[in-house]
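Participant: Please find one structure pasted underneath; my questions will follow.
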Ligand code: NAP
């Protein structure tokens, strides 16, 4: 019987577990996460109003319930156990720790108060136990969001919807109370309208925002020759460009909408101005013209980056684990964003896991079987008896039930437990023994 360890219980790690269990009926999987809860990005990255995307949690939960899999929450590689210990105790190890941090813009003024990262805001509005309160949001009125990806749209939409528009979701109550003052968001895009990374569905969703006027200058979305060719060849690009065209009017109809969501293309941010708080963002246009956007908040949403893990090879250029189709070293593989960088939708990680698991199983084929059971049992015993509280699948299910019950009492889908100690108190295995 082959025992596998997977580090990271987000969609990528769970898709890898599903693939292992599917391909090898005798396989056993121990799934570790540094958080007390599984589901990673589905719980802490997908926007609270994207219930349809969050419904993938059901598929992932079915994998977690497979009795050939054990979940160990609140276990961190490097703190609670080492890679060497995992390689000693398991036939194969898969690292699927994702990419949780926003990349920097590396421009002057980025350290000012009011200059925020998308990951800070997303973690906070999703109730991540390690997130700090983004106090600045309560005072934000005019916000620039830099970047043309779906995370920019999530942040803009959540800020413009405010507390009232999100009251029935699982967004933490303390966050709801602080949202609602933003009335102008400008999404700053460094390239042209045919180069954006927004998905069409996420763009069209903006049309449903109450009380929000969508603003695009017609002169800002004129296609040059190269962009026209892309427009003619790529249907997805054409639909996105047509959507922006439908929002652009030389003379905007007079509406009484109170809020504005503006898009600015071909503008690179070069400096954030302010004495101790953000006052403006300086933009350099493709034609070299400089302009100043008066804002009190700048959110950088220019892609995510992963963390280097102790003992695991690392590519400092790409901020990923270097691998050959997922295989990092003998018996060690990686999958998801920490393998290929932060791209694709949640489902993309399924194909990624299929590739990585295939490479890992191929690497194991023909190897001399080694009895690793005592090393594995010793490792798990040490984890169970350590001073750190462990959360197993039953514990996670208790947390899940407690959150759902709190949600039902407030007519909301769920009320997330944000405090790590409270999560451990409800979900920890010691709490069942006491
Ligand atoms: P992303 O899609 O890679 O977009 C990052 C954006 O930042 C790009 O427009 C990029 O422009 C821009 N950028 C990078 N460096 C910049 C700089 N120095 N100055 C200005 N702009 C800069 O990343 P993301 O939005 O973080 O999303 C990550 C992944 O999650 C994506 O695959 C996304 O589709 C997915 N996601 C999906 C959903 C959904 O399905 N609803 C929701 C959220 C996220 P260039 O193109 O010019 O490099």
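Participant: Output the residues belonging to the range 47-62 that are without any contact (Cβ under 8 Å) to a residue 40 or more places away in the chain, within 15 Å of the chain's Cα centre (by Cα) and under 20 Å from residue 16 (Cβ atoms).
Facilitator: Once the filter is applied, which keeps residues that are without any contact (Cβ under 8 Å) to a residue 40 or more places away in the chain, within 15 Å of the chain's Cα centre (by Cα) and under 20 Å from residue 16 (Cβ atoms), the range 47-62 yields only 57.
Participant: Only residues that are without any contact (Cβ under 8 Å) to a residue 40 or more places away in the chain and within 16 Å of the ligand (Cβ to nearest atom): list them for the range 348-377, please.
Facilitator: 348, 351
Participant: Now for a different question. Is there a residue in the range 244-259 that is under 24 Å from the mean Cα position of the chain (by Cα) and within 16 Å of the ligand (Cβ to nearest atom)?
Facilitator: Checked the range 244-259: no residue is under 24 Å from the mean Cα position of the chain (by Cα) and within 16 Å of the ligand (Cβ to nearest atom).
Participant: If I ask for residues that are part of a loop (DSSP other than H, G, I, E, B), within 16 Å of the ligand (Cβ to nearest atom) and closer than 30 Å to residue 284 by Cβ, which ones from the range 131-179 would you list?
Facilitator: Of everything in the range 131-179, those that are part of a loop (DSSP other than H, G, I, E, B), within 16 Å of the ligand (Cβ to nearest atom) and closer than 30 Å to residue 284 by Cβ turn out to be 147, 148, 149.
Participant: Just checking, how many residues over the range 190-215 are in contact with a helix residue (DSSP H, G or I) (Cβ under 8 Å, 6 or more places away or on another chain), within 16 Å of the ligand (Cβ to nearest atom) and not in a helix (DSSP H, G or I)?
Facilitator: Qualifying residue count for the region: 6.
Participant: Okay, moving on. Run down 32, 72 and say which single residue is out of contact with any helix residue (DSSP H, G or I) (no Cβ under 7 Å at 6 or more places or on another chain) and in a strand (DSSP E or B).
Facilitator: 32
Participant: For residue 122, are the conditions met, namely being outside any helix (DSSP H, G or I) and within 16 Å of the ligand (Cβ to nearest atom)?
Facilitator: Considered against the rule, which asks whether it is outside any helix (DSSP H, G or I) and within 16 Å of the ligand (Cβ to nearest atom), residue 122 comes out as no.
Participant: So, of the residues in the range 378-390 that are assigned to a helix (DSSP H, G or I) and over 21 Å from residue 330 (Cα atoms), which turns out to be nearest to the ligand (Cβ to nearest atom)?
Facilitator: So the residue we want is 383.
Participant: For the range 411-434, does any single residue satisfy the condition of being under 18 Å from residue 4 (Cα atoms), touching a helix residue (DSSP H, G or I) at 6+ places or on another chain (Cβ under 9 Å) and modelled with pLDDT of 95 or more?
Facilitator: Scanning the range 411-434, I find no residue that is under 18 Å from residue 4 (Cα atoms), touching a helix residue (DSSP H, G or I) at 6+ places or on another chain (Cβ under 9 Å) and modelled with pLDDT of 95 or more, so the answer is no.
Participant: Filter the range 194-215 down to the residues that are touching a strand residue (DSSP E or B) at 6+ places or on another chain (Cβ under 8 Å) and either within 25 Å of residue 296 (Cβ to Cβ) or crowded, with 21+ Cβ neighbours inside 10 Å (or both) and list them by number.
Facilitator: Those that are touching a strand residue (DSSP E or B) at 6+ places or on another chain (Cβ under 8 Å) and either within 25 Å of residue 296 (Cβ to Cβ) or crowded, with 21+ Cβ neighbours inside 10 Å (or both): 206, 209, 211, 212, 213, 214, 215.
Participant: Evaluate the range 311-324: report whether one residue or more is touching a strand residue (DSSP E or B) at 6+ places or on another chain (Cβ under 8 Å), farther than 15 Å from residue 97 by Cα and at pLDDT 95 or above.
Facilitator: No, the range 311-324 contains no residue that is touching a strand residue (DSSP E or B) at 6+ places or on another chain (Cβ under 8 Å), farther than 15 Å from residue 97 by Cα and at pLDDT 95 or above.
Participant: Among the listed residues 378, 395, identify the single one that is under 22 Å from residue 74 (Cα atoms) and surrounded by fewer than 17 Cβ atoms within 10 Å (Cβ to Cβ).
Facilitator: Of 378, 395, the one residue that is under 22 Å from residue 74 (Cα atoms) and surrounded by fewer than 17 Cβ atoms within 10 Å (Cβ to Cβ) is 378.
Participant: Moving to a separate point now. For the range 286-294, check the following and say yes or no: at least one residue is modelled with pLDDT under 95 and within 13 Å of the ligand (Cβ to nearest atom).
Facilitator: Yes, the conditions are met somewhere in the range 286-294.
Participant: Please give the number of the condition residue 323 fails out of (1) more than 16 Å from the ligand (Cβ to nearest atom); (2) under 30 Å from residue 181 (Cβ atoms).
Facilitator: (2)
Participant: Considering only the range 207-243, state which residues are within 18 Å of residue 186 (Cα to Cα) and over 27 Å from the mean Cα position of the chain (by Cα).
Facilitator: Result: 211, 213, 215, 216, 217, 218, 219, 220, 221.
Participant: I need the full set of residues from the range 242-282 which are touching a residue at least 60 places away in the same chain (Cβ under 8 Å) and within 16 Å of residue 217 (Cα to Cα), in order please.
Facilitator: 260, 261, 262, 263, 264, 265, 266, 267, listed by residue number.
Participant: Hey, another quick one. Can you tell me which of 28, 68, 79, 23 is more than 16 Å from the ligand (Cβ to nearest atom), modelled with pLDDT under 95 and either surrounded by fewer than 19 Cβ atoms within 10 Å (Cβ to Cβ) or over 18 Å from residue 336 (Cβ atoms) (or both)?
Facilitator: Within the list 28, 68, 79, 23, the selection yields 79.
Participant: Just give me the residues in the range 217-243 being surrounded by 15 or more Cβ atoms within 10 Å (Cβ to Cβ) and either within 25 Å of residue 304 (Cβ to Cβ) or within 16 Å of the ligand (Cβ to nearest atom) (or both), in sequence order.
Facilitator: 220, 221, 227, 230, 237, 240, 241, 243
Participant: Here is a further query. With respect to residue 6, is the statement that it is more than 16 Å from the ligand (Cβ to nearest atom), closer than 26 Å to residue 386 by Cβ and part of a helix (DSSP H, G or I) true?
Facilitator: Criteria not met by residue 6.
Participant: Within the range 98-115, work out how many residues are more than 16 Å from the ligand (Cβ to nearest atom) and buried (at least 21 other Cβ atoms within 10 Å of the Cβ).
Facilitator: 1
Participant: Here's another thing I want to ask about it. Please count how many residues of the range 78-93 are over 12 Å from residue 364 (Cβ atoms) and not in a helix (DSSP H, G or I).
Facilitator: 5
Participant: Next question. With respect to residue 182, determine if the residue is away from the ligand (no atom under 16 Å from the Cβ), buried (at least 20 other Cβ atoms within 10 Å of the Cβ) and closer than 25 Å to residue 53 by Cβ.
Facilitator: Yes.
The values are calculated or read from the model by the stated rules, or taken from the named source; none is laboratory data. Values in this document were obtained by computation on a predicted structure and should not be read as measured data. So basically every Cβ, Gly included, is an ideal-geometry build from the backbone, and we count neighbours across all protein chains shown.
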